[in-house]
Amino acid sequence: MNESLPLLVKDENGVRHLILNRPTKLNAIDYAQHLRLFSEFKSAATDDSVRVVALSGMGRGFSAGDDLSAEPFQGDDPFSDRKVNLEIGSGPAILLESCKCLRNLPKPTVALMHGVALGSGYDYSLSCDFRLATKDIRYGDPRIDRALWAAEGWSFKLPRLANLSLVSRIAYLGEEMDGDKALQFGLVSEILSGDPDIRTSAQGFLNRLVSVAGDVYARNKEALLNSLDMNYEHAIKQQI
């Protein structure tokens, strides 16, 4: 594994670790990094050796969100026909598609968050099946303060993960959560130590997921996601 790459891919006992590796920028995510993540999510979905996907960050935090200081992307842009106004370009399109791919992966997905998990880092975490965080995490979406919107769909996911009356201040005012508040709201499954790093602290949880991952997990996940917007009768028919 080349430790200088901006996205590290490490396979460990059935777990594919996707590790954001731009620590000098608090793992802020530029367009190229979104493309890398999208590609790795698609690869993990079809790789039989991968039973669990874990997303984490190197250095002082999970991710500070989008890299607002990044130079314009110069490579081949598969979403060039989906640019939006306000000079945002095709960034929202790649974030939407990447998060959708992560959310629909037929395998357990886990966000391991420490330090900060903001903006698009928050978006990716809400697309995972499980979110584990350190107690001192700064967690949420400050983009409302910049008059930006929930472009990748967290406005759909957030009220399905937690009672909207609890999280309205986060959704509408951009307020941040620490680990205890995120756990209280049901957005975090477990509080972990960040010492020596969160990947080590999460090993027991990840091993448990490896032991249950498989066709049954994939079918249950598909049924749960498909049932979110169905009435009871339609949801039951999908499982017969």
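The values are calculated or read from the model by the stated rules, or taken from the named source; none is laboratory data. In this text the structure is predicted, and so the values were computed from the model without any measurement. Virtual Cβ from ideal backbone geometry, glycine too; neighbours counted across all protein chains shown. Each accessible area value is taken on the protein alone, full model and side chains, heavy atoms only, with ligands, DNA and RNA left out. Shrake-Rupley method; radii C 1.70, N 1.55, O 1.52, S 1.80 Å.
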In the range 9-31, the residues that are among the aliphatic types (A, V, I, L, M) and either surrounded by 18 or more Cβ atoms within 10 Å (Cβ to Cβ) or closer than 12 Å to Gly59 by Cβ (or both): Val15, Leu18, Ile19, Leu20, Leu26, Ala28, Ile29
Matching residues, the range 97-123, being closer than 13 Å to Val53 by Cα, open to solvent by less than 10 Å² (accessible area, probe 1.4 Å) and either modelled with pLDDT under 95 or not hydroxyl-bearing (Ser, Thr, Tyr) (or both): Leu102, Leu105, Pro108, Val110, Ala111, Leu112
In the range 1-27, the residues that are at pLDDT 95 or above and not in a strand (DSSP E or B): Leu5, Pro6, Asn13, Gly14, Asn21, Arg22, Pro23, Thr24, Lys25, Leu26, Asn27
Lone unmet requirement of (1) of a type in the set (A, V, I, L, M, F, W, C); (2) within 12 Å of the chain's Cα centre (by Cα); (3) at pLDDT 85 or above for Ala64: (2)
Pair list, Cβ under 9 Å, 6 or more apart: the range 187-214 residue on the phi > 0 side of the Ramachandran plot, other residue basic (Lys, Arg) and crowded, with 19+ Cβ neighbours inside 10 Å: Gly214/Arg51; Gly214/Lys107
Members of the range 32-52 that are free of Cβ contacts under 8 Å to residues at least 60 places away in the same chain and either over 30 Å from Lys221 (Cβ atoms) or open to solvent by less than 10 Å² (accessible area, probe 1.4 Å) (or both): Gln33, Val50
Residue ID - farthest from Ala45 (Cα to Cα), chosen from residues in the range 174-221 that are in contact with a Pro (Cβ under 7 Å, 6 or more places away or on another chain) and surrounded by fewer than 17 Cβ atoms within 10 Å (Cβ to Cβ): Gly174
